[in-house]
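Any read-out appearing in this document is the output of simple, stated calculations on the displayed coordinates, not a laboratory observation. Small disclaimer: the values here were computed from a predicted structure and weren't measured. With ideal geometry, Cβ positions are generated from the backbone for all residues, glycine too; neighbour counts draw on all protein chains shown.
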Amino acid sequence: GEAGELRAELDAALSRVDKLTIEMERLRGELSEAWVQARVAGEQRDTEYQQLRRRVSEQGARLRAATDAQAAAERTADELRVAAER
């Protein structure tokens with residue numbers, strides 16, 4: 001009687017341990033996969049960030065060049081206007 005009940009409880013506990021062990025291994029696999037995906041996403045983010053930084057830098061240089069060209073053109077126009085008035 002009692003030994004049979006204890007054996008049944010032991011078998012049930014061992015069965016739960018087996019199921020939980022399998023579940024734990026599955027979750028470890030999912031966690032490992034999630035870490036890989038997070039690392040890849042981080043690398044992609046870093047690559048995109050560097051590309052955007054480069055583009056912003058290039059556009060800033062173009063803007064400065066255009067602003068300088070505009071200022072030079074305005075000076076030339078002012079000089080021509082003064083010369084034409086004389």
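Using alpha carbons only, how many degrees (0 to 90, rounded to 10) separate the axis of helix 2-85 from the longest principal axis of the chain? That works out to roughly 0 degrees. Compared with the alpha-carbon gap, the fully stretched path from Leu63 to Arg28 is longer by 7.4 nm at 0.36 nm per residue. Here the spin labels are modelled as points 7 Å beyond Cα on the Cα-Cβ line, and at Glu5 and Gln51 they lie 6.9 nm apart.
Find how much the distance from Thr21 to Leu80 grows on full extension, using 0.36 nm per residue of separation minus their present alpha carbon separation; answer in nm with one decimal.
Numbers: separation 59, 0.36 × 59 = 21.24 nm, distance 8.72 nm.
Between Thr21 and Leu80, full extension yields 12.5 nm more.
A helix-only calculation puts the chain at -37500 deg cm²/dmol for mean residue ellipticity at 222 nm, using -39500 (n - 2.57) for each DSSP H run of at least four residues, averaged over all residues. Extension gain, Ala71 to Ala41: 0.36 nm times the residue separation minus the Cα-Cα distance gives 6.4 nm.
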